[in-house]
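Undergrad: Dropping the structure in here first, questions after.
The values are calculated or read from the model by the stated rules, or taken from the named source; none is laboratory data. The model shown is predicted, which means the values in this text are computed figures rather than measured ones. No Cβ is skipped: glycine too gets one built from the backbone with ideal geometry, and neighbour counts run over all protein chains shown.
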Amino acid sequence: MVEVPGSAVIATAIVQWRTAVTALWRATLIGLIAFLTLVDLFATQAILPMLAEHYRVTPAAMGLAVNATTVGMAIASLAVAFASPKLDKRSGIVLALALLAIPTLLLAVAPNLVIFAGLRIAQGLCMATAFALTLAHLGERCSLRDKAGAFAAYITGNVASNLVGRLVAAAFTDHFGLAANFALFAGLNLTGAVLVLLTIDRTQPSSSIRRSSPFAALGTHLAHPGLRAAFAIGFCILFAFIGVFTYVNFVLVRPPIAIGMMGIGVVYVVFLPSILTTPLAGHAVARLGTRRALWAGLGVAGLGLPLVALPSLGSIVVGMVLVAIGTFLAQAVATGYVGHEATTDRAAASGLYLSSYFCGGIVGTAVLGTIFDAFGWPATVLGIGGALLAAAFLALRLESA
């Protein structure tokens, strides 16, 4: 049979098109799962002023209760790092997301701030479990060639959850109230569980026996100067990030800016540029090296701090854009460094990093909230700047950078 001219070219084009469509579908799916996993984490920050008014508490007290999720996430990140080799990843993710819907729904009827904070901790336990197991699943199931795209898609989905979650929470609460908002997010949690159940393949737990105890693995990583520095950098990054995006909400609703809840939701389009810039972290490391790429991210965030301190909506929005771009970039660089530098038991190293990162969130909320209540927003911004400077100094200790 005579081959039709150009048929080989057409066949190649079809194969390439199918490959591209498959890659796009996989990236979209991974990003959507990431979005539905962490959408609860920061969405509640957009309605902080309304929650503080509802419970009749100070901004610092409400900020601490809302960000109590980071306590649960710090605990779960470390626990799952050691248990994940023995777990079926899909079942674990589905169960974590299904259970997440319970405390999310109960937040609608939490009678006081203590119970509210406890439910947020329970949310953190579930979110971090799903988060860590998804990362482990991607690491096991993706080829070396596909891993970069898979992790970039997952990080992008996390960034999108910051934007869309806050926007939806602000808009929905403004129109339908607090209870309806939490019911909506409980539905999103269940949607994530169903999506994972229908799309992710079942995995077999590892039968390999760990050669060292969990404590030995922790000791190995903590003895590594570069990894110790990276863990501390993660702490500083979320300390700064959560300080800006928790307490700026109270600045926005007070005079002279005084915008409403829907306005706060719209302001959070500041995360949109980060969706585009965060996947570039790998290119930045390849071109500049880890240390300089980290400094670049921290520097961009630092440029935004004087702007968020000004009593102008336009300046604050531009500053928030820079802080978001810089901290997300720095976070991606630091995460990549831990994965590269940990030569053994990478799951334990990632668990330590995430645990330190989320501890930075709750400590930052408490410390900066106290400063905000006592001395105001400009002093809070100075405290945030101190955390960024500490991270930049710690970057000097990164090895192989």
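Undergrad: Which helices (runs of 4 or more DSSP H) sit wholly inside the range 221-281 and have at least 1 residues that are in contact with a His (Cβ under 9 Å, 6 or more places away or on another chain)?
TA: 225-253, 261-267
Undergrad: Now for a different question. Could you list, in sequence order, the residues of the range 222-264 that are of a type outside the set (A, V, I, L, M, F, W, C), under 25 Å from the mean Cα position of the chain (by Cα) and farther than 25 Å from LEU389 by Cβ?
TA: Matches in the range 222-264: GLY263 only.
Undergrad: Just for the range 164-179: of the residues that are surrounded by fewer than 21 Cβ atoms within 10 Å (Cβ to Cβ) and in contact (Cβ under 8 Å) with a residue 24 or more places away in the chain, which one is farthest from ALA98 (Cα to Cα)?
TA: The extreme case among them is ASP174.
Undergrad: Given (1) surrounded by fewer than 22 Cβ atoms within 10 Å (Cβ to Cβ); (2) part of a helix (DSSP H, G or I); (3) touching a residue at least 40 places away in the same chain (Cβ under 8 Å); (4) among the polar types (S, T, N, Q), where does THR365 come up short, assuming only one miss?
TA: Going through the list (1) surrounded by fewer than 22 Cβ atoms within 10 Å (Cβ to Cβ); (2) part of a helix (DSSP H, G or I); (3) touching a residue at least 40 places away in the same chain (Cβ under 8 Å); (4) among the polar types (S, T, N, Q), THR365 breaks only (1).
Undergrad: Of these, GLY304, GLY314, which one is of a type in the set (Gly, Ala, Ser), buried (at least 24 other Cβ atoms within 10 Å of the Cβ) and at negative phi?
TA: Every option except GLY304 fails the conditions.
Undergrad: Please enumerate the residues belonging to the range 259-301 that are within 25 Å of VAL39 (Cα to Cα), surrounded by fewer than 18 Cβ atoms within 10 Å (Cβ to Cβ) and among the hydrophobic types (A, V, I, L, M, F, W, C).
TA: Across the range 259-301, the qualifying residues are ILE259, MET262, VAL266, VAL269, LEU272, LEU276, LEU280.
Undergrad: Please go through the range 53-72 and pick out each residue that is without any contact (Cβ under 8 Å) to a residue 12 or more places away in the chain and at negative phi.
TA: Answer for the range 53-72, where residues must be without any contact (Cβ under 8 Å) to a residue 12 or more places away in the chain and at negative phi: just GLU53.
Undergrad: Return the pairs, sorted by first residue and then second, in which the second residue is surrounded by 17 or more Cβ atoms within 10 Å (Cβ to Cβ) and assigned to a loop (DSSP other than H, G, I, E, B), the first residue lies in the range 105-116 and is in contact (Cβ under 8 Å) with a residue 12 or more places away in the chain, the beta carbons are less than 9 Å apart, and the residues are 6+ apart or on different chains.
TA: Note: pairs meeting the criteria are LEU113/VAL57; PHE116/ALA68; PHE116/ALA110.
Undergrad: Within 21 Å of PHE250 (Cα to Cα) and touching a Leu at 6+ places or on another chain (Cβ under 7 Å): does that describe GLY314?
TA: When the stated conditions are applied, GLY314 does not pass them.
Undergrad: OK, next. Mind checking which residues of the range 339-350 are surrounded by fewer than 24 Cβ atoms within 10 Å (Cβ to Cβ) and either within 14 Å of SER77 (Cβ to Cβ) or among the hydrophobic types (A, V, I, L, M, F, W, C) (or both)?
TA: Passing the criteria: ALA342, ARG346, ALA347, ALA348.
Undergrad: Under the condition of being of a type in the set (Gly, Ala, Ser) and either in a helix (DSSP H, G or I) or closer than 27 Å to VAL270 by Cβ (or both), which residue from the range 327-347 is modelled with the highest pLDDT?
TA: Selected residue: ALA330.
Undergrad: Right, another one. Considering each residue of the range 40-70, count those that are closer than 22 Å to SER355 by Cβ and either surrounded by fewer than 22 Cβ atoms within 10 Å (Cβ to Cβ) or among the β-branched types (Val, Ile, Thr) (or both), and give that number.
TA: Looking only at that region, the number is 5.
Undergrad: Could you identify the single residue in VAL363, VAL321, VAL367, VAL317 that is closer than 22 Å to ALA284 by Cα and among the hydrophobic types (A, V, I, L, M, F, W, C)?
TA: It is VAL321.
Undergrad: Where in the range 30-95 are the helices (runs of 4 or more DSSP H), entirely inside, with at least 3 residues that are over 21 Å from VAL109 (Cβ atoms)?
TA: It comes to 59-66, 69-83.
Undergrad: Among the residues of the range 97-118, is there at least one that is within 30 Å of PHE231 (Cβ to Cβ), in a helix (DSSP H, G or I), in contact with a Pro (Cβ under 6 Å, 6 or more places away or on another chain) and of a type outside the set (D, E, K, R)?
TA: No, the range 97-118 has no match at all.
Undergrad: While we're on this one: Tell me which residues, restricted to the range 187-200, are touching a residue at least 40 places away in the same chain (Cβ under 8 Å) and either outside any helix (DSSP H, G or I) or surrounded by fewer than 20 Cβ atoms within 10 Å (Cβ to Cβ) (or both).
TA: Residues satisfying the conditions are GLY187, LEU190, THR191, LEU195, LEU197, THR199, ILE200.
Undergrad: Does TYR353 qualify as being over 19 Å from ALA392 (Cβ atoms) and crowded, with 21+ Cβ neighbours inside 10 Å?
TA: no
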